[in-house]
1. Can you work out which of the residues in the stretch 53-83 that are assigned to a strand (DSSP E or B) and among the aromatic types (Phe, Trp, Tyr) is surrounded by the most Cβ atoms within 10 Å (Cβ to Cβ)?
2. For the stretch 110-136, how many residues are open to solvent by 10 Å² or more (accessible area, probe 1.4 Å) and either closer than 30 Å to Ser325 by Cα or β-branched (Val, Ile, Thr) (or both)?
3. Does the stretch 17-27 include one or more residues that are open to solvent by less than 50 Å² (accessible area, probe 1.4 Å), under 25 Å from Ser157 (Cα atoms) and at pLDDT 85 or above?
4. For the stretch 135-146, does any single residue satisfy the condition of being without any contact (Cβ under 8 Å) to a residue 40 or more places away in the chain, over 20 Å from Arg171 (Cα atoms) and not basic (Lys, Arg)?
5. Are there helices (runs of 4 or more DSSP H) fully within the stretch 351-391 with at least 3 residues that are under 21 Å from Leu290 (Cβ atoms)? List them.
6. I need the full set of residues from the stretch 204-231 which are open to solvent by 50 Å² or more (accessible area, probe 1.4 Å) and either of a type outside the set (Lys, Arg) or closer than 20 Å to Leu295 by Cβ (or both), in order please.
7. Open to solvent by less than 30 Å² (accessible area, probe 1.4 Å), aromatic (Phe, Trp, Tyr) and touching a helix residue (DSSP H, G or I) at 6+ places or on another chain (Cβ under 7 Å), is that true of Phe152?
8. Give the residues of the stretch 232-247 that are part of a strand (DSSP E or B), open to solvent by 60 Å² or more (accessible area, probe 1.4 Å) and under 14 Å from Asp212 (Cα atoms), sorted by residue number.
Amino acid sequence: MRFAVFSYIGWHVPRSNIPLGATHERLVELIYDSAEGTSAWTDVISALASELSADLGHLFLIAGDATFTDTCVHGYDLSLNAPYFERFQAEDPRITLGIKNLGRFMSDVDVIDSRQFEASALYNEHLGPGNIRYTLFGMHQIQPDLKAAQAFMRPRSRGPFSHEDVSCLQRLQPHLSRALRLREILNKTRAHASDLRSALDMVPLPLAVVDDKGRFLTANAPAEAMLLKGPAVVLKGQRIAGTRPRDTSAIAQAVAVCCQLATPSTVRPVALQAPPVVTIERLDRRPLSLIFLPLRPRHTLRDVADQKARVVVIFHDPEAGARLSANVVARLHGLTPSEARLAVALAAGDSLTQHASNVGCTDQTCRTHLKHILEKTGTHRQAELVHLLLGNVAIQMASADGVVPGGSASEAAR
C-alpha cells in the first residue's frame, strides 16, 4: 500500500521563547550523563516516554548500510519485533519521513494520512494487535554514516501526540545529537583508554581537555602544536588563553557555561542550547574558532584523564587544512550543492560578497541561498549557522578524514 504523506514544513517554536523548566533541565542532565554508552540510553528513553505519556519507546542507531548497530527500548522486548524488521520495515512511512526530515520530530497524525495508515498491513497485522496507534518519531544524523532514530508510541485511548509533545522533543534534539556524537568520540578512544594521549590522538580534530577553571589537563598532538606555535591561543599559567584580554575573558566565560552541564546540580538557570564558540581574530588570517563541549560525570575521559576534567575544547583553524566538506554539509542538512558551498564558505570566514565573487553570482543570489540555509538548518542568523557547523563533530571529523558519504573527496571539493 502507498501511503499519502503530507507536506511537512516543521512545526517549530523558537527556543528563545520557551521557558526551560525543571523537567527539561533534568532531562538534559540525564542525556549528557548517558553519553557514556548505549546501555545508559535506556534511562533516557524511559524518562522521555514518561514525560510524553508513551507506553513504548526506542532508540535505534542506524549505519549507512541500513543495519541497526545499537538499540535500546522501553516498554517491550525487542526480540518480539522480529516480524516488523522482516515484513513491515521497508514500507513504514515513518522511516521515510524521518530520513527526509532529519533533525525534526513529528506526530504521525500531522504527516501521514490516518485512513490509509489504519488500512495498512503494518497497522492491522503488527501495530494494532499490540494496541499501538499513535507515534511521535524523528531521526537525526550523528555522523555521515550513522543516524539515530527515536520513536514513542501509545494506544488509541491516549490520543495522538500534541504539538506540545513535539516541541518537548524538538527542544531536546540538539542535546540528544550532541551527546550521541560525543559518545561516538568516546567509543573511538575507548580501545586505547589506558593511554589517554594515544586515545586523543585517534581523533583527527585538534582538541584539549580542561578543568572547570580552564586549566590545561591534556591535549592531542594537533592541539599541542597549535598551542605551541600561537600566537592566537597560548597557555598562560596552565590555562588556555588568548593573546588579548577580551579573548581570554571569552574563553573563561565559555568554560563556565559548559561547566553548568558538566557539574550535577538541581538548579540550573540556563540550559546549553548550542556549543559555546569563541572566535579569535588574527592579523591577515582567517579567525580561529574554539568550540566547547561539556564532559558529564560518567564520561570515560573524566575517568582516564583526571576527575577535574570538565570540558573538551575543539580548535577549528580554517587555514590548517581542507575546509568543511560541502558534500557532507549538504547531506546532513538537506541543502542543495550551491547552498552547501555557501554554508561552508561562511564557516570558513568568507563574507557573502566574497563568496559571490568567488563563484560568479550576485550578492542577491547568495542572500536567497542564505535564507534557504537558515530555514533548513533551523537557525535564525548567520552567526548561529556558523556556530552550528563548527560545533558539529560529525562534519568536522568527516571533513578531516576526507570521508564523504555517497561521493569522493574530490566531489566534495567541487
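The values are calculated or read from the model by the stated rules, or taken from the named source; none is laboratory data. Computed from a prediction, not measured in an experiment: that's the story for all the values here. Note: ideal-geometry Cβ built from the backbone for every residue, glycine included; neighbour counts use all protein chains shown. Heavy atoms of the whole protein, side chains included, go into the accessibility calculation; ligands, DNA and RNA do not. Shrake-Rupley method; radii C 1.70, N 1.55, O 1.52, S 1.80 Å.
1. Step one: filter the stretch 53-83 for residues assigned to a strand (DSSP E or B), giving 56-63, 68-74.
Now drop any that are not among the aromatic types (Phe, Trp, Tyr), which leaves 60, 68.
Values: Phe60: 18, Phe68: 13.
Top of the filtered list is Phe60.
2. Selection size over the stretch 110-136: 1.
3. For the stretch 17-27, residues open to solvent by less than 50 Å² (accessible area, probe 1.4 Å), under 25 Å from Ser157 (Cα atoms) and at pLDDT 85 or above: absent.
4. No, the stretch 135-146 contains no residue that is without any contact (Cβ under 8 Å) to a residue 40 or more places away in the chain, over 20 Å from Arg171 (Cα atoms) and not basic (Lys, Arg).
5. 382-390
6. Asp212, Lys213, Arg215, Leu217, Pro222, Glu224, Ala225, Leu228, Pro231
7. In short, yes.
8. Arg239
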